[in-house]
Amino acid sequence: ENRVQGTKIEMGAFEFGMSPLFTWESVASAFFGGLLLGCSVVFKTSCLGGVLGLSTYIKQLFWFEKKRYFFIVGMVIGTLALGLCWKQVEKLPPPGVEGKDRYLLFLRMIAGNYLLGLGSSLQCGCTSGHGLTGLARLSLQSWFAVPIFMLAGLLAGTLFQTADAFPPQHLDANLEWFEGPLVASSLSVLLLLIVPIFFLLGRVAGEQVKHIALLLGETIAGVTFAAGLIISSMAFPSKVASFLDIASGAWDLCLPFVMAGGLCITFPYFLAVEVFKVQTKSLLLRADLDLPPRNRWPTWTLTRGAIYFGIGWGICATTPCSIFINLAGAPSWEMFCGLVAFVAGLFSTDCLELWRARLSANSNDLSDDIKIDTKTPKLKGEDRGFKEEEQSTDLSSSQSSEDPRPLRPLVWVSDNMAPVFREDAVHHGDSVAAV
């Protein structure tokens, strides 16, 4: 049964209409918050090098990358500072959610964030890496992945009625419309004033001072990035859910304005860097910017990752960025379980590939099927897309008679995993070690 009531259209269980919170004041805050996010990305790349991507940062936390800890600390500082003096984040569970509804919220956060982490791992990025940076760099994979996970997120958010699980908490009710743009503009100008300082330090400072400045720069990038997400309200699950659930009767289109604001900063910068080669080295460390290649073609793995990411995003209405902000500003068991599930999904592909590699390395078929040629050091396998080659006689003669083990591959390489080195595969010849 279809009915039209004022500005809303009801179609069975779905209701289409615009949210009363989607006003020009909220659009202004979203756009200026996006500008601050773009400034944070440009500051990170130009001064410190590398690409700002939260899913990769979370993974590197477990590799004990010290500078990533300082970025997360910066996000916590920015969240707490804005919460104390201006705007606080939403609390989970929302007011009135108790009993069975809270258990369903737990399941939603666990399932959604697991898919979010799994998708981030497969597509090698999230909304910050593919969205703010990849789109601006005209990366083929980013322009392929972003529309897919946006469409998957809209479908999942609508089907799972995510907006009903995260009702608005009206935290902006007592704020003036100009406060968000004013705070975002002030922080953006402050970032621009800091850039010359890092340029001078890169020219005259010693290595120890540069290392301290690097950690401080990571902290500053974290503070401004968290502030941009809070000002634009993209750190709030209710705001994201109201965009992803188009049939809630309260559709909010602020998120595209956040992306537009960020690209207004990042697109001109990366255009100057990638095309006109205005900058090739970071201002502080005087090293290469360390940007990933942008001409890689999309793969089936990337497609699956984008679909998983979009479905998880539509279910839980959080991103890797907003998880830390909500945990810092309003800690809850729901968000903590979401973080654990995200990390589990992030590492699940690596664990699966490692398990498969070890099974393959220990199988007798693999040891009989794969041959090593010292003249062309490549792994050859009949069942794994390689051409079988004859084993070199030089390698056979160089093998010690005291080591009767059959020749096995030194390293097994898969599509989604770094090489896995096998200790029991190292033999006596230098040529095998070179392979």
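The values are calculated or read from the model by the stated rules, or taken from the named source; none is laboratory data. Worth saying up front: this structure is predicted, and the values here are computed from it rather than measured. Cβ placement follows ideal geometry from the backbone for every residue including glycine, while neighbour counts extend to all protein chains displayed. Heavy atoms of the whole protein, side chains included, go into the accessibility calculation; ligands, DNA and RNA do not. Shrake-Rupley method; radii C 1.70, N 1.55, O 1.52, S 1.80 Å.
Give me a count of the residues in the range 287-299 that are open to solvent by 50 Å² or more (accessible area, probe 1.4 Å), touching a Lys or Arg at 6+ places or on another chain (Cβ under 8 Å), closer than 23 Å to Phe199 by Cα and in a loop (DSSP other than H, G, I, E, B). Residues meeting the conditions: 0. Surrounded by fewer than 21 Cβ atoms within 10 Å (Cβ to Cβ), out of contact with any Gly (no Cβ under 7 Å at 6 or more places or on another chain) and of a type outside the set (Lys, Arg), is that true of Val240? No.
Within the range 338-389, if we keep just the residues that are in contact with a Leu (Cβ under 7 Å, 6 or more places away or on another chain) and at pLDDT 85 or above, the residue that is farthest from Asn326 (Cα to Cα) turns out to be Thr349. Here the condition is being in contact with a helix residue (DSSP H, G or I) (Cβ under 9 Å, 6 or more places away or on another chain), buried (at least 16 other Cβ atoms within 10 Å of the Cβ) and assigned to a helix (DSSP H, G or I); of Leu302, Leu284, it holds for Leu302 alone.
Only one of the numbered conditions (1) of a type in the set (A, V, I, L, M); (2) under 30 Å from Gly119 (Cα atoms); (3) in a helix (DSSP H, G or I) is not met by Leu201, and that is (2). Per the conditions (1) of a type outside the set (Asp, Glu); (2) under 16 Å from Gly153 (Cα atoms); (3) not in a loop (DSSP other than H, G, I, E, B), the sole criterion not satisfied by Ile246 is (3). Scanning the range 251-271 for residues being crowded, with 22+ Cβ neighbours inside 10 Å and either without any contact (Cβ under 8 Å) to a residue 12 or more places away in the chain or farther than 11 Å from Leu132 by Cβ (or both) gives a total of 2. Cβ separations smaller than 8 Å between residues 6+ apart or across chains give the following pairs from the range 148-163 residues that are touching a residue at least 24 places away in the same chain (Cβ under 8 Å) to residues that are part of a helix (DSSP H, G or I) and surrounded by fewer than 18 Cβ atoms within 10 Å (Cβ to Cβ): Ile148/Thr303. When each of Ile212, Ile220, Ile194 is tested for being more than 14 Å from Cys39 (Cβ to Cβ) and assigned to a helix (DSSP H, G or I), the lone residue that passes is Ile212. The residues of the range 105-147 that are open to solvent by 20 Å² or more (accessible area, probe 1.4 Å), over 21 Å from Pro268 (Cα atoms) and in contact with a Cys (Cβ under 8 Å, 6 or more places away or on another chain), listed by number, are Phe106, Arg108, Ile110, Ala111.
Looking across the range 191-207, the residues that are open to solvent by 90 Å² or more (accessible area, probe 1.4 Å) and not β-branched (Val, Ile, Thr) come down to Leu192, Leu193, Leu200, Arg203, Glu207.
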